[in-house]
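Report on the following structure.
The values are calculated or read from the model by the stated rules, or taken from the named source; none is laboratory data. Because the structure is predicted, anything quoted here is derived from the model rather than measured. FYI the Cβ positions are ideal-geometry reconstructions off the backbone, even for glycines, and counts take in every protein chain you see.
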Amino acid sequence: MAAALWTRVGARRATERVVGRGAPTGRPTVRATGVLQSREEWERATRNMRALRLPLHPDGSKNWDTLAAISSTLAHTSPAERVLDAGAALYSTFLPSLRLYGYTDLVGTNLEFGRRIALGGVRLEQGDIEATGFADGSFGAVVCLSVIEHGVDVRAFLTEAARIVRPGGMVFVSTDYWAGGVDTTGLVAYGTPVRIFDRAAIEGLIAIAAEVGLRLDGDATDLDCLERAVHWKRFDLRYTYVALTFRAETR
Ligand SMILES: C[S@@+](CC[C@H](N)C(=O)[O-])C[C@H]1O[C@@H](n2cnc3c(N)ncnc32)[C@H](O)[C@@H]1O
């Protein structure tokens, strides 16, 4: 499935060069920061992705944060800049989508990747989002989708993201969320305890981000939840997502 997705992206690029077709039909402009409030909202994001001719994430609800990440990246970077998907999966559609918008310097890292591979114009390599080894200020954007809830030290990640993004660049983070918290006692996924961030944890994350020079783009006070729009069937957990766009201080 992952290979098919990347082949499709590659094929689209080729088609685009030859007959001028296959490019996205427009640019998304969606909320930079906020809570996913309903199933209808992620279904709308999926329709939006389809209408734009962007590849769909295999997990429908993930089109919501993927589309928001694409929107924020397009708003704050140019296609010549380098973009990192920190904790990318082979099935992720964020970098393939940017490829379709003409971005050419795209890197995805994951603890689980083996040898470095180039797929559809994107470099995928083994890497820890807490200590990447990339040079200071070497990315226009760092995007991290549904990763920090899987055993990541939030302060270490935000410090590293702030270090490798250029001044004025963008850092986008999404994670599992429910304002009042969800009991995940005893549950383990990806080798670490399952965590669903609550309001205090997200407020803490935003405070750490400010300490390391990342300023929230949007309204931090609106962390209320309406509907448990996401269902993790494996554990029968119901919650939602929060997405946060930060801008790096121009030091
Ligand atoms: C739920 S998946 C999300 C994948 C993808 N970002 C997406 O949105 O579909 C979480 C991924 O985070 C990766 N991960 C966890 N901790 C990491 C770390 N410190 N550095 C890099 N990847 C990590 C795991 O290997 C796993 O593939």
Checklist entry - Out of region 99-113, which residues are assigned to a strand (DSSP E or B) and more than 9 Å from the ligand (Cβ to nearest atom)? => result D105, L106, V107
Item to check | Members of region 197-236 that are free of Cβ contacts under 8 Å to residues at least 60 places away in the same chain and in contact with a Gly (Cβ under 7 Å, 6 or more places away or on another chain) | outcome: D198
Next on the checklist: Looking for something within 12 Å of the ligand (Cβ to nearest atom) and within 30 Å of S78 (Cβ to Cβ) - is there at least one such residue anywhere in region 178-194?
Outcome noted: no
Next on the checklist: Among the numbered criteria (1) at pLDDT 95 or above; (2) of a type in the set (F, W, Y); (3) within 13 Å of the ligand (Cβ to nearest atom), which one does F197 miss?
Outcome noted: (3)
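Conditions tested, residue by residue: (1) at pLDDT below 95; (2) within 15 Å of the ligand (Cβ to nearest atom); (3) closer than 19 Å to G22 by Cα.
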| residue | (1), (2), (3) |
| --- | --- |
| A68 | no, yes, no |
| T73 | no, yes, no |
| H76 | no, no, no |
| V83 | no, yes, no |
| A86 | no, yes, no |
| Y91 | yes, yes, no |
| R115 | yes, no, no |
| G121 | yes, no, yes |
Next on the checklist: Here is a check on your reading of the model: is L54 over 26 Å from R215 (Cβ atoms) and either among the small types (G, A, S) or within 16 Å of the ligand (Cβ to nearest atom) (or both)?
Outcome noted: yes
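Residue by residue, here is whether (1) within 24 Å of K233 (Cβ to Cβ); (2) β-branched (V, I, T); (3) over 15 Å from the mean Cα position of the chain (by Cα); (4) assigned to a helix (DSSP H, G or I) holds:
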position: W42; (1), (2), (3), (4): yes, no, no, yes
position: D59; (1), (2), (3), (4): yes, no, no, no
position: W64; (1), (2), (3), (4): yes, no, no, yes
position: A68; (1), (2), (3), (4): yes, no, no, yes
position: L74; (1), (2), (3), (4): no, no, no, yes
position: S97; (1), (2), (3), (4): no, no, no, yes
position: A118; (1), (2), (3), (4): no, no, yes, no
position: G137; (1), (2), (3), (4): no, no, yes, no
Next on the checklist: Just the residues that are surrounded by 17 or more Cβ atoms within 10 Å (Cβ to Cβ), within 23 Å of T159 (Cα to Cα) and of a type outside the set (S, T, N, Q), please, taken from region 101-124.
Outcome noted: D105, L106, V107, G108, L124
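Matching residues to (1) under 18 Å from T73 (Cα atoms); (2) touching a helix residue (DSSP H, G or I) at 6+ places or on another chain (Cβ under 7 Å); (3) part of a strand (DSSP E or B):
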| position | (1), (2), (3) |
| --- | --- |
| A161 | yes, no, no |
| T175 | yes, no, yes |
| I202 | no, no, no |
| R228 | no, no, no |
| T250 | yes, no, no |
